[in-house]
Amino acid sequence: MLRTHLRENVLEVTPTRRNRVFIKVQNGSHRQAVKLFQDMGGHLSVISSVDLGEELELVYHFEITPLQVSLKTSAPRGNPRIETISDFYPSAAWYEREAMEMMGIIVVNHPDPRHLFLPDDYTEYPLRRY
Amino acid sequence: MELEALFSLFKKPFTVKYPFEPSPAPEGFRGRTEFTDECVGCGACAAVCPPKAITIVDEKKTRTMRIDHGLCIFCRSCQDICPWEGINLTQKFEMATLNRAESYDEIEHDLILCQGCGKVITTRRHMEEIRKKIEKVGLLDKDRNNIESYCISCKKDQFAREAIEASQPI
Amino acid sequence: MDVVVQFGPQHLALAEPERLKVYAEGEKVINVDITMGYNHRGVEKLAERKTYEQDILLVERICGICSMSHPLAFTQAVEDIAGVTLPERAEYSRMIIAELERIHSHLLWAGIAAEIIGIETLFMYTWRDREFVLDQLETITGNRNHYAWNTVGGCRKDITEKQIPGLLTALEVVERRTEHYIDSFLRNRTIRARLVGTGTLPRDDARRLCTVGPLARASGYAVDVRKDDPHLAYDRVDFEKIVLDEEDNMARAKVRLLEVFESVKIIRQAVAALKGLKGKEIAVPVKEIPPGEGVGRYEAPRGEVFHYVRSNGTFYPERVKIRAPTYANVQAVPVMLEGDTLGDVPITLASIDPCFCCTDR
Amino acid sequence: MLDKMVNYCRKKSPWLLHVSCGSCNNCDIEVLAALAPRFDVERFGGVLKPNPRHADIIVVTGIITLKTRDVLKRLYEQTMDPKAAVAIGSCAITKGIFNETYASYGPADKVIPVAAYIPGCPPRPQAILHGVVTALNALWGE
């Protein structure tokens, strides 16, 4: 169903055990997908950030009973800009704040881009691997 | 609640009399970690220890293995991995100390050094145990009795030299 | 924007260091600003430097009360990647420890809540009865809180026949005492005055803010991973999902105390099942963990614990993401406090059973 | 003579200030459990006081995280003399399993002087009682 909505923006679909599907979409079209999930009554579990080397990835984990969907989107390391989804899910705001301070992803249009866990004067991104 | 208070009047106190009476830990409690006499000094415990509380220091001909009780997290990984039952978690829990430097447990082992290059091979006890195991299987080469006093790279060299010597036409 | 009241980092009502800025107008709370991070230990980064076996012990030490839930979610994720099926005996014994933990956590919460609203007697009583559960955990696992029970593919220790009678007696004591506590919570006028009608979280807000656990269930939003996405042997035992729709602090207290009975029910069934599985293996060996991604979820006492593990085929995981239940729930605190009085701040904050050490990691 | 008496009185009523500096909550709970009916520190006159001005003994748990260092320092300064700090658990003594983390300044004795150490992860409440009694004996005489 997602394919019909997003067409060429879906890059990769990998199902795993236990009803979970990992879907990779192009940066920018993730907002459409998230809106779709919200209309379907999805529950946002968490947003995790991964350092892939050349790209920084955000993984949005949703639970849309009975299916569980993990939506991935990535941005290049030099300019890691990904648009916020906190207007759909208010609880995403904190997860995005964490991704910003830990991984150095710039979340565009974030309502409250302060540090969440680290002290305000901490400038490194501790979770970057490469 | 009122009844509860009334009943409590006639009950034995629930509080343990701990410092005045011993309060032993149950069997299987993960308390103070100690080396036993069975330890051969192989160092498997140091490799699995999550906080790296077991340190190995090789100095001249002795190996000192030391567990720092302040760093230990009492997870029993070392006891599970040890093939010789050389380390175990006792039921002692009274470890409070005023001097941080004295809260450790230590064991010393003799080392075998390579006769070729002087590198550390392993401890004497460990080698004895390995010999016993090999003897059991019947793989021990009677001719080369001192083979274990060389490290692997020296052993390779020696083997190669012997092979060359053997292949030399006389 | 009249008064700004600071709570913490060192505060009577908070055992953990966390800071709340409460903006109030007179007595009425307008907004709450929560500063996190006083407990941040960098577990996610540390997990990348340790092996999977060591990581289980590390994630156990994220939280002292959920010290079974985090390893369960983590091993579930890793076992997912490795494609391991657990032996049945390991499933049941893991479940027993996890449910014992739920009982002691809920009793602990009841005590803390009672102390916060000023009833120290109830605190003493609940913490006394909690000791029965902790004694059992100590004899079974070897430590009162950090159990070191799990390994990838099973358990490290087995529940022996000798330990079962003691376990069943402790359950009886807990069951009898919990009835008494429910009675006290429902009848005591002081407790009712403090709990009924305060800290309201409407059902729509609970859904919108993606809350989990007893907080969501007390607001009529029925999420329970044990039922929705059963792991271990939860689909083979009979228990109920407790959902109330009173939406206030009292409902949360009721949900937690009623869940103690369900846990007792689950443990009894699991012990009976263990008797039928005598002499079976408790762990399957796992040789290697292939590259891949896995997700582990478990219903901790406070709600859903979420672990996302990505492996790259080596002994060390590439990324571990941990979402503790309080992380999702604490964002609902401003909504719950809005319009309440300043005196209700501690109990409303306590009613989500906050575990900031989980949240900060 | 007077000193002896004062010390005797102090030993009979050690008031504890519990400071959690980024622990896993477990040592905190065991400290609380030591106050609960089973172990009951009040037998020795010990009372948990959240206010540093009232406390004699500071109980420190947890690695000292980036944000809590200043808090701990300030609380130690605010406590009245004579005072003593007790580090509980592996984290407060050496950082324990978190010893490679980026988010910590170091163990408790790097920030404040520590009088006694109670190893354990977490220590049993009995071990905490034993540790507090050891510290009291060492500080204010047998």
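Throughout, read-outs are computed from the coordinates displayed, never taken from laboratory work. Since we're looking at a predicted model, the values are computed, not measured. Note: ideal-geometry Cβ built from the backbone for every residue, glycine included; neighbour counts use all protein chains shown.
Selection over region A:18-47 of residues that are within 14 Å of another protein chain (Cβ to nearest Cβ), surrounded by 18 or more Cβ atoms within 10 Å (Cβ to Cβ), in contact with a Leu (Cβ under 6 Å, 6 or more places away or on another chain) and not in a strand (DSSP E or B) gives a count of 0. Report whether or not C:Ala233 is on the phi < 0 side of the Ramachandran plot, crowded, with 17+ Cβ neighbours inside 10 Å and either part of a helix (DSSP H, G or I) or polar (S, T, N, Q) (or both). No.
Among the residues examined, C:Leu201 qualifies as in contact with a helix residue (DSSP H, G or I) (Cβ under 6 Å, 6 or more places away or on another chain) and among the aliphatic types (A, V, I, L, M). Is at least one residue of region B:98-120 more than 11 Å from chain D (Cβ to nearest Cβ), surrounded by fewer than 15 Cβ atoms within 10 Å (Cβ to Cβ), without any contact (Cβ under 8 Å) to a residue 12 or more places away in the chain and in a loop (DSSP other than H, G, I, E, B)? Checking region B:98-120: at least one residue is more than 11 Å from chain D (Cβ to nearest Cβ), surrounded by fewer than 15 Cβ atoms within 10 Å (Cβ to Cβ), without any contact (Cβ under 8 Å) to a residue 12 or more places away in the chain and in a loop (DSSP other than H, G, I, E, B).
Check whether at least one residue in region C:141-155 is more than 12 Å from chain D (Cβ to nearest Cβ), over 20 Å from C:Leu86 (Cα atoms) and assigned to a helix (DSSP H, G or I), and report yes or no.
Narrowing region C:141-155 to residues more than 12 Å from chain D (Cβ to nearest Cβ): C:141, C:149-155.
Filter again for over 20 Å from C:Leu86 (Cα atoms), leaving none.
So far as region C:141-155 goes, no, none of its residues is more than 12 Å from chain D (Cβ to nearest Cβ), over 20 Å from C:Leu86 (Cα atoms) and assigned to a helix (DSSP H, G or I).
The selection criterion, being within 7 Å of another protein chain (Cβ to nearest Cβ), within 26 Å of C:Arg144 (Cβ to Cβ) and in contact with a helix residue (DSSP H, G or I) (Cβ under 7 Å, 6 or more places away or on another chain), does not hold for C:Leu72. Where helices (runs of 4 or more DSSP H) fall entirely within region D:1-86, those with at least 1 residues that are crowded, with 22+ Cβ neighbours inside 10 Å, touching a Ser or Thr at 6+ places or on another chain (Cβ under 6 Å) and not aromatic (Phe, Trp, Tyr) are at D:26-35.
Looking only at region C:302-361, residues that are in a loop (DSSP other than H, G, I, E, B) and either of a type in the set (A, V, I, L, M) or out of contact with any Cys (no Cβ under 8 Å at 6 or more places or on another chain) (or both) come to 13 in all.
Of C:His40, C:His104, all but one fail to be surrounded by 24 or more Cβ atoms within 10 Å (Cβ to Cβ), more than 8 Å from every other protein chain (Cβ to nearest Cβ) and outside any strand (DSSP E or B); the exception is C:His104. Please verify whether B:Pro50 is facing chain D (nearest Cβ under 10 Å), part of a loop (DSSP other than H, G, I, E, B) and either among the small types (Gly, Ala, Ser) or within 29 Å of D:Ala115 (Cα to Cα) (or both), treating the condition exactly as stated. Against the criterion (facing chain D (nearest Cβ under 10 Å), part of a loop (DSSP other than H, G, I, E, B) and either among the small types (Gly, Ala, Ser) or within 29 Å of D:Ala115 (Cα to Cα) (or both)), B:Pro50 qualifies. If the condition is being more than 22 Å from D:Gly131 (Cα to Cα), under 29 Å from the mean Cα position of the chain (by Cα) and at the interface with another protein chain (Cβ under 8 Å from one of its Cβ atoms), then region B:1-38 contributes B:Glu27, B:Gly28. So which residues in region D:119-134 are in contact with a Cys (Cβ under 6 Å, 6 or more places away or on another chain) and more than 7 Å from every other protein chain (Cβ to nearest Cβ)? Selection gives nothing. Within region C:47-65, the only residue that satisfies the criterion of being more than 27 Å from C:Arg102 (Cα to Cα) and not charged (D, E, K, R) is C:Thr51.
Take A:Glu63 and decide whether it is over 19 Å from C:Arg319 (Cβ atoms), of a type in the set (Asp, Glu) and surrounded by fewer than 21 Cβ atoms within 10 Å (Cβ to Cβ). No, not satisfied.
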